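Student: Take this structure, written in C-alpha coordinates, and hold onto it; I'll ask about it next.
The values are calculated or read from the model by the stated rules, or taken from the named source; none is laboratory data. Since this is a predicted model, take the numbers as computed values, not measurements. All Cβ positions, even for glycine, are placed from backbone atoms using ideal geometry, and neighbour counts span all protein chains on display.
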Amino acid sequence: MVPGISTENRHACDWPDSQRFDCAERVGADGMFPRALGERGKSATRSRIPGAPARIATALALIGTGVALSACGGSEPRQDADEPSEDFPVEVTTAKFPTNQRLADTSDLELSVENIGDEQIPDLAVTICLDSCEADGSFSLRSEQAGLSNPNRPVWILEEGYPKLLEPGVSAKELDDEPTAGAEAAQTNTFSFGGLAPGDHVDPVWRVTPVRGGTYTVNYQIAAGLTGKAKATTADGSPAEGSFVVTISTKPPKATVSPNGQVEIEK
(Lines give C-alpha, C1' and ligand atoms only; values in the text may rest on other atoms or scores of the structure.)
Protein backbone atom coordinates (compact mmCIF):
# COMPACT_ATOMS: atom_id res chain seq x y z
CA MET A 1 0.00 0.00 0.00
CA VAL A 2 1.38 3.37 -0.99
CA PRO A 3 1.50 5.73 2.01
CA GLY A 4 -0.23 9.03 1.89
CA ILE A 5 -3.24 10.20 -0.05
CA SER A 6 -4.12 13.00 -2.37
CA THR A 7 -6.44 15.67 -1.12
CA GLU A 8 -9.60 16.66 -2.95
CA ASN A 9 -9.47 19.40 -5.58
CA ARG A 10 -9.85 22.81 -3.96
CA HIS A 11 -11.90 25.66 -5.39
CA ALA A 12 -12.18 29.25 -4.26
CA CYS A 13 -15.14 29.82 -1.96
CA ASP A 14 -16.56 32.79 -0.11
CA TRP A 15 -17.05 31.66 3.45
CA PRO A 16 -18.81 33.57 6.24
CA ASP A 17 -17.16 34.14 9.60
CA SER A 18 -16.38 31.16 11.84
CA GLN A 19 -19.56 29.28 12.63
CA ARG A 20 -20.66 26.26 14.63
CA PHE A 21 -22.99 23.41 13.86
CA ASP A 22 -25.44 21.42 15.87
CA CYS A 23 -23.86 17.97 15.74
CA ALA A 24 -26.20 14.99 15.78
CA GLU A 25 -24.25 11.75 16.09
CA ARG A 26 -25.28 8.70 14.22
CA VAL A 27 -24.25 5.30 15.50
CA GLY A 28 -24.77 2.71 12.83
CA ALA A 29 -25.98 3.07 9.28
CA ASP A 30 -29.69 3.75 9.64
CA GLY A 31 -31.67 1.21 7.72
CA MET A 32 -28.59 -0.11 5.99
CA PHE A 33 -27.17 -2.35 8.72
CA PRO A 34 -30.19 -3.12 10.98
CA ARG A 35 -28.98 -6.57 11.96
CA ALA A 36 -25.29 -5.81 11.98
CA LEU A 37 -25.60 -2.70 14.13
CA GLY A 38 -28.55 -3.76 16.23
CA GLU A 39 -30.17 -0.32 16.26
CA ARG A 40 -31.19 2.55 14.04
CA GLY A 41 -29.53 5.95 14.08
CA LYS A 42 -31.54 8.84 15.51
CA SER A 43 -30.68 11.58 13.04
CA ALA A 44 -29.14 10.35 9.80
CA THR A 45 -31.93 8.67 7.90
CA ARG A 46 -31.64 6.05 5.21
CA SER A 47 -31.85 7.45 1.72
CA ARG A 48 -30.95 4.88 -0.90
CA ILE A 49 -30.26 6.65 -4.18
CA PRO A 50 -31.07 4.40 -7.16
CA GLY A 51 -27.88 3.45 -8.92
CA ALA A 52 -25.45 4.62 -6.24
CA PRO A 53 -24.50 1.16 -4.88
CA ALA A 54 -24.23 -0.15 -8.42
CA ARG A 55 -21.89 2.67 -9.41
CA ILE A 56 -19.73 2.00 -6.36
CA ALA A 57 -19.49 -1.69 -7.23
CA THR A 58 -18.72 -0.85 -10.85
CA ALA A 59 -15.97 1.54 -9.77
CA LEU A 60 -14.33 -1.16 -7.65
CA ALA A 61 -14.54 -3.61 -10.55
CA LEU A 62 -12.93 -1.07 -12.89
CA ILE A 63 -10.04 -0.69 -10.47
CA GLY A 64 -9.33 -4.39 -10.83
CA THR A 65 -9.64 -4.19 -14.61
CA GLY A 66 -7.18 -1.31 -14.78
CA VAL A 67 -4.69 -3.14 -12.58
CA ALA A 68 -4.92 -6.26 -14.72
CA LEU A 69 -4.42 -4.35 -17.97
CA SER A 70 -1.24 -2.75 -16.65
CA ALA A 71 0.69 -6.00 -17.01
CA CYS A 72 3.02 -5.90 -20.04
CA GLY A 73 2.08 -8.23 -22.87
CA GLY A 74 0.33 -10.63 -20.51
CA SER A 75 3.68 -12.13 -19.49
CA GLU A 76 3.26 -11.11 -15.84
CA PRO A 77 0.64 -12.64 -13.54
CA ARG A 78 -2.52 -10.64 -12.90
CA GLN A 79 -2.09 -8.42 -9.87
CA ASP A 80 -5.55 -9.42 -8.65
CA ALA A 81 -4.79 -13.13 -8.91
CA ASP A 82 -4.31 -13.49 -5.15
CA GLU A 83 -7.59 -11.80 -4.20
CA PRO A 84 -10.13 -14.50 -3.31
CA SER A 85 -13.62 -14.49 -4.79
CA GLU A 86 -15.58 -14.76 -1.58
CA ASP A 87 -17.53 -12.83 1.02
CA PHE A 88 -15.97 -11.56 4.25
CA PRO A 89 -18.37 -10.70 7.10
CA VAL A 90 -17.83 -7.34 8.80
CA GLU A 91 -19.69 -5.21 11.32
CA VAL A 92 -19.83 -1.44 11.18
CA THR A 93 -19.90 -0.68 14.90
CA THR A 94 -19.72 3.10 14.53
CA ALA A 95 -20.83 5.42 11.76
CA LYS A 96 -20.97 9.12 12.64
CA PHE A 97 -21.24 12.33 10.65
CA PRO A 98 -23.01 15.52 11.82
CA THR A 99 -26.31 15.79 9.99
CA ASN A 100 -26.60 19.56 10.51
CA GLN A 101 -23.55 21.60 9.52
CA ARG A 102 -22.61 25.18 8.61
CA LEU A 103 -20.32 26.52 5.93
CA ALA A 104 -16.65 26.58 6.95
CA ASP A 105 -17.21 24.55 10.15
CA THR A 106 -14.92 21.51 10.11
CA SER A 107 -16.35 18.15 11.16
CA ASP A 108 -15.38 14.46 11.17
CA LEU A 109 -16.87 11.49 9.37
CA GLU A 110 -16.02 8.47 11.54
CA LEU A 111 -16.37 4.76 10.82
CA SER A 112 -15.37 1.70 12.80
CA VAL A 113 -15.29 -1.59 10.90
CA GLU A 114 -14.64 -4.96 12.57
CA ASN A 115 -13.74 -8.24 10.90
CA ILE A 116 -16.25 -10.66 12.45
CA GLY A 117 -15.24 -13.57 10.23
CA ASP A 118 -12.67 -16.35 10.61
CA GLU A 119 -10.38 -15.25 7.77
CA GLN A 120 -8.16 -12.24 7.21
CA ILE A 121 -9.66 -9.57 4.99
CA PRO A 122 -7.17 -9.08 2.10
CA ASP A 123 -7.49 -5.29 1.86
CA LEU A 124 -10.21 -3.38 3.66
CA ALA A 125 -11.38 -0.53 1.45
CA VAL A 126 -13.97 2.20 1.92
CA THR A 127 -15.66 4.00 -0.95
CA ILE A 128 -17.35 7.34 -0.22
CA CYS A 129 -19.43 9.33 -2.70
CA LEU A 130 -22.24 11.87 -2.79
CA ASP A 131 -25.79 11.47 -4.02
CA SER A 132 -25.75 9.34 -7.22
CA CYS A 133 -21.95 8.82 -7.11
CA GLU A 134 -21.14 10.38 -10.48
CA ALA A 135 -18.26 12.67 -9.48
CA ASP A 136 -14.54 11.97 -9.20
CA GLY A 137 -13.77 12.72 -5.59
CA SER A 138 -15.46 11.40 -2.48
CA PHE A 139 -16.93 14.70 -1.35
CA SER A 140 -17.74 16.26 -4.72
CA LEU A 141 -20.67 16.51 -7.09
CA ARG A 142 -20.52 16.47 -10.87
CA SER A 143 -21.75 19.64 -12.57
CA GLU A 144 -23.74 19.34 -15.80
CA GLN A 145 -22.71 22.83 -16.93
CA ALA A 146 -21.23 22.72 -20.41
CA GLY A 147 -17.67 23.82 -21.10
CA LEU A 148 -16.16 23.11 -17.69
CA SER A 149 -12.62 21.78 -17.82
CA ASN A 150 -13.28 20.04 -14.50
CA PRO A 151 -16.96 19.26 -13.88
CA ASN A 152 -16.31 17.99 -10.34
CA ARG A 153 -17.32 20.55 -7.73
CA PRO A 154 -16.53 19.98 -4.04
CA VAL A 155 -19.20 20.08 -1.36
CA TRP A 156 -16.67 19.33 1.36
CA ILE A 157 -12.90 19.83 1.31
CA LEU A 158 -10.93 16.88 2.72
CA GLU A 159 -8.25 18.12 5.11
CA GLU A 160 -4.61 17.50 4.19
CA GLY A 161 -3.35 14.09 5.33
CA TYR A 162 -6.78 12.57 5.96
CA PRO A 163 -8.22 10.01 6.43
CA LYS A 164 -6.38 9.04 9.62
CA LEU A 165 -6.87 6.15 12.02
CA LEU A 166 -8.28 6.71 15.49
CA GLU A 167 -5.92 4.48 17.44
CA PRO A 168 -6.35 3.52 21.13
CA GLY A 169 -5.25 6.35 23.39
CA VAL A 170 -5.60 8.98 20.63
CA SER A 171 -8.47 11.46 20.77
CA ALA A 172 -10.08 13.08 17.76
CA LYS A 173 -8.50 16.41 18.76
CA GLU A 174 -5.03 14.84 18.51
CA LEU A 175 -5.52 13.36 15.03
CA ASP A 176 -3.82 16.24 13.23
CA ASP A 177 -0.49 15.05 14.67
CA GLU A 178 -1.03 11.43 13.62
CA PRO A 179 0.29 9.90 10.35
CA THR A 180 -1.95 9.65 7.33
CA ALA A 181 -3.78 6.41 6.53
CA GLY A 182 -6.03 5.04 3.84
CA ALA A 183 -4.09 5.38 0.59
CA GLU A 184 -6.29 6.42 -2.30
CA ALA A 185 -6.81 3.70 -4.86
CA ALA A 186 -6.76 4.26 -8.62
CA GLN A 187 -10.41 5.30 -8.35
CA THR A 188 -10.31 8.51 -6.31
CA ASN A 189 -13.45 7.74 -4.27
CA THR A 190 -11.91 4.65 -2.64
CA PHE A 191 -9.49 4.45 0.30
CA SER A 192 -7.45 1.33 1.11
CA PHE A 193 -6.57 0.44 4.72
CA GLY A 194 -4.74 -2.88 4.20
CA GLY A 195 -5.37 -6.34 5.60
CA LEU A 196 -7.58 -6.87 8.65
CA ALA A 197 -7.20 -9.96 10.85
CA PRO A 198 -10.20 -11.76 12.39
CA GLY A 199 -11.47 -9.87 15.43
CA ASP A 200 -9.53 -6.71 14.58
CA HIS A 201 -11.10 -3.39 13.68
CA VAL A 202 -10.10 -0.25 11.83
CA ASP A 203 -11.35 3.23 12.78
CA PRO A 204 -10.82 5.73 9.94
CA VAL A 205 -11.68 9.42 10.27
CA TRP A 206 -12.22 11.84 7.38
CA ARG A 207 -11.91 15.49 8.50
CA VAL A 208 -13.81 17.74 6.12
CA THR A 209 -14.97 21.35 5.80
CA PRO A 210 -18.21 22.19 3.93
CA VAL A 211 -17.96 24.81 1.21
CA ARG A 212 -21.38 24.53 -0.41
CA GLY A 213 -24.82 24.78 1.16
CA GLY A 214 -27.67 22.33 0.60
CA THR A 215 -28.81 18.84 1.52
CA TYR A 216 -26.74 15.88 0.34
CA THR A 217 -26.61 12.12 0.75
CA VAL A 218 -23.17 10.84 1.74
CA ASN A 219 -22.87 7.16 0.76
CA TYR A 220 -20.23 4.73 1.97
CA GLN A 221 -19.52 1.11 1.10
CA ILE A 222 -17.05 -1.32 2.64
CA ALA A 223 -15.10 -3.77 0.46
CA ALA A 224 -12.68 -6.58 1.29
CA GLY A 225 -10.41 -5.92 -1.69
CA LEU A 226 -9.76 -3.50 -4.52
CA THR A 227 -10.67 -5.63 -7.53
CA GLY A 228 -14.29 -6.43 -6.67
CA LYS A 229 -13.65 -10.14 -6.08
CA ALA A 230 -13.42 -10.03 -2.27
CA LYS A 231 -16.65 -8.57 -0.91
CA ALA A 232 -17.47 -7.27 2.56
CA THR A 233 -20.92 -8.22 3.82
CA THR A 234 -22.91 -7.95 7.02
CA ALA A 235 -23.63 -11.04 9.13
CA ASP A 236 -26.79 -11.74 7.10
CA GLY A 237 -24.98 -11.45 3.76
CA SER A 238 -26.16 -7.94 2.87
CA PRO A 239 -23.75 -5.40 1.35
CA ALA A 240 -21.77 -3.52 3.99
CA GLU A 241 -22.92 -0.02 3.14
CA GLY A 242 -24.74 2.96 4.57
CA SER A 243 -25.50 6.64 4.13
CA PHE A 244 -26.02 9.94 5.91
CA VAL A 245 -28.38 12.74 4.88
CA VAL A 246 -26.61 16.00 5.72
CA THR A 247 -27.87 19.57 5.53
CA ILE A 248 -25.30 22.37 5.26
CA SER A 249 -26.67 25.75 6.31
CA THR A 250 -25.52 28.98 4.71
CA LYS A 251 -27.07 31.15 7.44
CA PRO A 252 -24.66 32.87 9.82
CA PRO A 253 -24.96 31.84 13.47
CA LYS A 254 -26.52 34.14 16.04
CA ALA A 255 -23.96 36.03 18.08
CA THR A 256 -24.44 37.96 21.32
CA VAL A 257 -22.13 39.92 23.59
CA SER A 258 -22.06 38.82 27.23
CA PRO A 259 -21.93 41.32 30.14
CA ASN A 260 -18.17 40.77 30.43
CA GLY A 261 -17.69 41.69 26.76
CA GLN A 262 -17.24 38.14 25.37
CA VAL A 263 -18.80 37.30 22.02
CA GLU A 264 -20.91 34.16 22.35
CA ILE A 265 -21.89 32.15 19.27
CA GLU A 266 -25.14 30.21 19.46
CA LYS A 267 -24.58 26.54 18.84
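Student: Restricting attention to segment 153-175, and to residues there that are in contact with a strand residue (DSSP E or B) (Cβ under 8 Å, 6 or more places away or on another chain) and either more than 19 Å from Val246 (Cα to Cα) or among the basic types (Lys, Arg) (or both), which single residue is surrounded by the fewest Cβ atoms within 10 Å (Cβ to Cβ)?
Tutor: Here the answer is Ala172.
Student: Say whether the condition of being of a type in the set (Ser, Thr, Tyr) and modelled with pLDDT of 55 or more is met by at least one residue in segment 57-73.
Tutor: No, the conditions are met nowhere in segment 57-73.
One line per residue, one yes/no per condition, for (1) of a type in the set (A, V, I, L, M); (2) closer than 16 Å to Ala125 by Cβ; (3) in a strand (DSSP E or B); (4) touching a Leu at 6+ places or on another chain (Cβ under 8 Å):
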{"residue": "Asn150", "(1), (2), (3), (4)": "no, no, no, no"}
{"residue": "Glu160", "(1), (2), (3), (4)": "no, no, no, no"}
{"residue": "Lys173", "(1), (2), (3), (4)": "no, no, no, no"}
{"residue": "Thr188", "(1), (2), (3), (4)": "no, yes, no, no"}
{"residue": "Gly194", "(1), (2), (3), (4)": "no, yes, no, yes"}
{"residue": "Pro198", "(1), (2), (3), (4)": "no, no, no, no"}
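Student: State the number of residues belonging to segment 219-252 that are of a type outside the set (Val, Ile, Thr), surrounded by 18 or more Cβ atoms within 10 Å (Cβ to Cβ) and part of a loop (DSSP other than H, G, I, E, B).
Tutor: Selection size over segment 219-252: 7.
Student: Sort through Asp131, Asp123 and tell me the only one that's at pLDDT 95 or above, more than 22 Å from Val218 (Cα to Cα) and surrounded by fewer than 20 Cβ atoms within 10 Å (Cβ to Cβ).
Tutor: Asp123
Student: Please find, among Ala230, Ala185, the residue that is under 22 Å from Leu130 (Cβ atoms), in contact (Cβ under 8 Å) with a residue 24 or more places away in the chain and either out of contact with any Lys or Arg (no Cβ under 7 Å at 6 or more places or on another chain) or of a type in the set (Val, Ile, Thr) (or both).
Tutor: That would be Ala185, the only listed residue that is under 22 Å from Leu130 (Cβ atoms), in contact (Cβ under 8 Å) with a residue 24 or more places away in the chain and either out of contact with any Lys or Arg (no Cβ under 7 Å at 6 or more places or on another chain) or of a type in the set (Val, Ile, Thr) (or both).
Student: Also, I was wondering about something else. Identify all residues within segment 176-216 that are more than 24 Å from Pro154 (Cα to Cα), of a type in the set (D, E, K, R) and in contact with a strand residue (DSSP E or B) (Cβ under 7 Å, 6 or more places away or on another chain); write none if there are none.
Tutor: Answer for segment 176-216, where residues must be more than 24 Å from Pro154 (Cα to Cα), of a type in the set (D, E, K, R) and in contact with a strand residue (DSSP E or B) (Cβ under 7 Å, 6 or more places away or on another chain): Glu178, Asp200, Asp203.
Student: Still on this structure: Assess whether Gly199 counts as being surrounded by fewer than 14 Cβ atoms within 10 Å (Cβ to Cβ) and touching a residue at least 40 places away in the same chain (Cβ under 8 Å).
Tutor: Here the answer is yes, as Gly199 does meet what is asked.
Student: Take the residues in segment 202-216 that are of a type outside the set (Phe, Trp, Tyr) and in contact with an Asp or Glu (Cβ under 9 Å, 6 or more places away or on another chain); name whichever of them is surrounded by the fewest Cβ atoms within 10 Å (Cβ to Cβ).
Tutor: Filtering first and then ranking leaves Thr209.
Student: Does segment 220-241 contain any residue that is over 23 Å from Val90 (Cα atoms), at pLDDT 95 or above, under 19 Å from the mean Cα position of the chain (by Cα) and not aromatic (Phe, Trp, Tyr)?
Tutor: No, segment 220-241 has no match at all.
Student: Return the residues of segment 95-139 that are more than 22 Å from Leu226 (Cβ to Cβ), under 13 Å from the mean Cα position of the chain (by Cα), in a strand (DSSP E or B) and not small (Gly, Ala, Ser); say none if nothing qualifies.
Tutor: Answer for segment 95-139, where residues must be more than 22 Å from Leu226 (Cβ to Cβ), under 13 Å from the mean Cα position of the chain (by Cα), in a strand (DSSP E or B) and not small (Gly, Ala, Ser): Lys96, Asp108, Glu110.
Student: Does segment 120-149 hold any residues that are over 25 Å from Val246 (Cα atoms), without any contact (Cβ under 8 Å) to a residue 60 or more places away in the chain and not hydroxyl-bearing (Ser, Thr, Tyr), and which are they?
Tutor: The answer is Ala146, Gly147, Leu148.
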